[in-house]
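The values are calculated or read from the model by the stated rules, or taken from the named source; none is laboratory data. Given the structure is predicted, the values throughout are model-derived calculations rather than measurements. Neighbour counts are summed over all protein chains in view; Cβ atoms, including those assigned to glycine, are modelled from backbone coordinates with ideal geometry.
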Amino acid sequence: MHASTPTLRLILGDQLNANHSWFASVEAHVLYLIAELPQEASYVTHHVQKVQAFFLAMAHFGQVLSDRGHRVCHLTLDQTVQFDDLEALVKQVMTEHRLDRFEYQRPDEYRLRVQLRAMSEALGCPSDGVETEHFLLSEAEVEALFADGKSRRMEQFYRSMRKKTGILMSGGQPVGDRWNFDQENRKKLPKSWSPPVPLLFENDTQKVDERLARHRIQTWGVAQAQLVWPVTLAQAEALVQDFVARLLPLFGRYQDAMTDRDWALYHARISFALNCKMVTPQWLIGEVLKAYEQDPVTYELASVEGFIRQVMGWREYVRGIYLSQMPEYGQTNALANDRPLPAFYWTGETKMRCVAQVVEQTRAYAYAHHIQRLMVTGNLALLLGVAPDAVDEWYLSVFIDAIEWVEMPNTRGMSQYADGGFLASKPYVSSGKYIQRMSDYCQGCTYNIDERSSEDACPFNSLYWAFLHRHQSTLGNNQRMAMMYSNLKRIPTVELTDILNRADAVRRDPDTF
Ligand code: FAD
Ligand code: SF4
């Protein structure tokens, strides 16, 4: 009966999957709604480039569907601000267009999933939620894998994905006889290195900017003259093809390296296009494999495997954690951290050069790569004992790719150990020595990387030992931290007292450092 019922289908900003089965044929009784929503533009203070990118990508997607003959209602903030909420908007569109049925793609984000479920009931008409058809694992497969609620490690999950898909497998064994090439993938950039020129787009944001100003949408960060991020399928595909041709060969080797000479390095910068579902992980992995199969000399296995692990392993794994653990996951705070986030996370005004560089780059491009997020800003927040809610809010705000299902497990779980080890087997903490090893930040810094308690000692150093000391009863028995704790024991008592005093001073007033 509902085959020809006049139907409204809602498409959210991160559901821009042109290959979805919804669009397989043109159906005259269906109207697609794509709407810039005040609630989505302001549930946190987003980076301005993130809002620009979403709004432009949504408008382009609406145009693509129209060009293919679908009926599309694309509404901008100008038309949606008058509605109290999404439900009121949907009701109005359904009444205006005489639609009797409501359909949506189930959101990845818990907040929206709950909202749309409740809204469907409140509308009082037939309704249905369908899959987004984007991920490598269907929702049912995720549920089956993660249903026991037990913690499982990424490596175990990743191997099961390799076996299931047959990707980089040969005769039931991993190609190259190893699952993981991390050892090869931890190089610092050579001194003589010059950055590859990143492929940047020139998307006009003027109309979006005017709307943001007109409706007083608060944002953070710098708007570039033109938006450099991909907002069409053609741009997203060009970015991937450029990445594969020029950057992938060195991706693995330098994926953990950090420098103040460049912000993009050998990273794909594809997370925005992936997370709003313009491109699929299947296609992305396919492009990488194609290059490897054609030229295994240029495309070393260490790089290819390293990249595929991020997309097929980490990305699908954190989704499984999020879908199976929410909403409780959002309340976790295993280390009872309660400090406020220092103001320099927003202003970049700190003498700690590594932090200033990462915040500045993030303000300029809404981007920092994984190790900058994990081992600079994340590491520092954990060492200071910042409340996970505040850390989550920052990560959700400032990055182009930040959507809660992927942001939260990475932030609360991997970076802040707030889940008590559900995701990571130990907290990702380090002294400044790790940052020195992987970057050139320390060279021009006010602080001395070799000192740990003096007036000019690198703050990461004292904070690191104080963190271990403070959490000894919780973490001291963790086998993976045995070496760290045995090093802590070796510090003479008098020196340890100085280190703890120095760390107290930093934690008391981090904004003065
Ligand atoms: P590349 O380094 O080129 O990697 C390729 C792709 O692999 C990425 O586009 C991404 O889709 C995937 N990937 C890599 N690592 C991860 C990971 N740990 N989890 C999920 N996918 C991964 N990623 C987001 O997409 N959104 C977030 O909000 C987000 N928040 C993060 C917060 C913290 C504290 C940390 C430590 C990491 C976070 N990440 C997040 C993961 C990772 O940092 C980004 O996916 C990556 O930096 C995006 O840049 P890229 O496309 O150049 O990635
Ligand atoms: Fe960062 Fe410490 Fe190095 Fe300065 S010395 S850049 S604060 S790690």
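For L341, the conditions (1) over 20 Å from T512 (Cβ atoms); (2) modelled with pLDDT of 95 or more are fulfilled apart from (1).
Among the candidates D450, D389, single out the residue that is modelled with pLDDT of 95 or more and more than 20 Å from the chain's Cα centre (by Cα). Don't jump to the end; show me each part of the working.
Working: D389 fails: more than 20 Å from the chain's Cα centre (by Cα).
From the options D450, D389, the qualifying one is D450.
Do we find a residue being in contact (Cβ under 8 Å) with a residue 12 or more places away in the chain and within 16 Å of ligand 2 (Cβ to nearest atom) anywhere in segment 488-501? Walk me through how you get there before you give the answer.
So the first thing to find is which residues in segment 488-501 are in contact (Cβ under 8 Å) with a residue 12 or more places away in the chain, and the list is 488, 491, 495-496, 498-501.
Now narrow it down to the ones that are within 16 Å of ligand 2 (Cβ to nearest atom): 499.
Yes: segment 488-501 contains one or more residues that are in contact (Cβ under 8 Å) with a residue 12 or more places away in the chain and within 16 Å of ligand 2 (Cβ to nearest atom).
Checked against (1) under 22 Å from V318 (Cβ atoms); (2) surrounded by 21 or more Cβ atoms within 10 Å (Cβ to Cβ); (3) more than 15 Å from the chain's Cα centre (by Cα), V355 meets all criteria but (1).
Selection of first residues in segment 443-463 that are under 17 Å from I491 (Cα atoms) and of second residues that are within 16 Å of ligand 1 (Cβ to nearest atom), restricted to Cβ pairs under 6 Å at least 6 apart or on distinct chains, gives the following pairs, ordered by first then second residue: L463/L383. Where helices (runs of 4 or more DSSP H) fall entirely within segment 233-341, those with at least 3 residues that are within 14 Å of ligand 1 (Cβ to nearest atom) and aliphatic (A, V, I, L, M) are at 233-242, 281-294, 316-325.
Answer yes if at least one residue in segment 339-351 is surrounded by 16 or more Cβ atoms within 10 Å (Cβ to Cβ), in contact with a Gly (Cβ under 7 Å, 6 or more places away or on another chain) and not hydroxyl-bearing (S, T, Y), and no otherwise. Looking through segment 339-351, none of the residues is surrounded by 16 or more Cβ atoms within 10 Å (Cβ to Cβ), in contact with a Gly (Cβ under 7 Å, 6 or more places away or on another chain) and not hydroxyl-bearing (S, T, Y).
Residue check: is R437 within 16 Å of ligand 2 (Cβ to nearest atom), farther than 23 Å from G348 by Cβ and of a type in the set (K, R)? I'd like the intermediate steps shown before the answer.
Numbers: within 16 Å of ligand 2 (Cβ to nearest atom): yes; farther than 23 Å from G348 by Cβ: yes; of a type in the set (K, R): yes.
Here the answer is yes, as R437 does meet what is asked.
The condition (being touching a Leu at 6+ places or on another chain (Cβ under 8 Å), among the polar types (S, T, N, Q) and surrounded by 19 or more Cβ atoms within 10 Å (Cβ to Cβ)) is satisfied by just one residue among S439, S462: S462.
Selection of segment 367-389 for residues being farther than 17 Å from P409 by Cβ and more than 11 Å from ligand 1 (Cβ to nearest atom) yields L380, L383, L384, G385, V386, A387. Yes or no: A356 out of contact with any Leu (no Cβ under 9 Å at 6 or more places or on another chain) and within 16 Å of ligand 2 (Cβ to nearest atom)? Yes: the conditions hold for A356.
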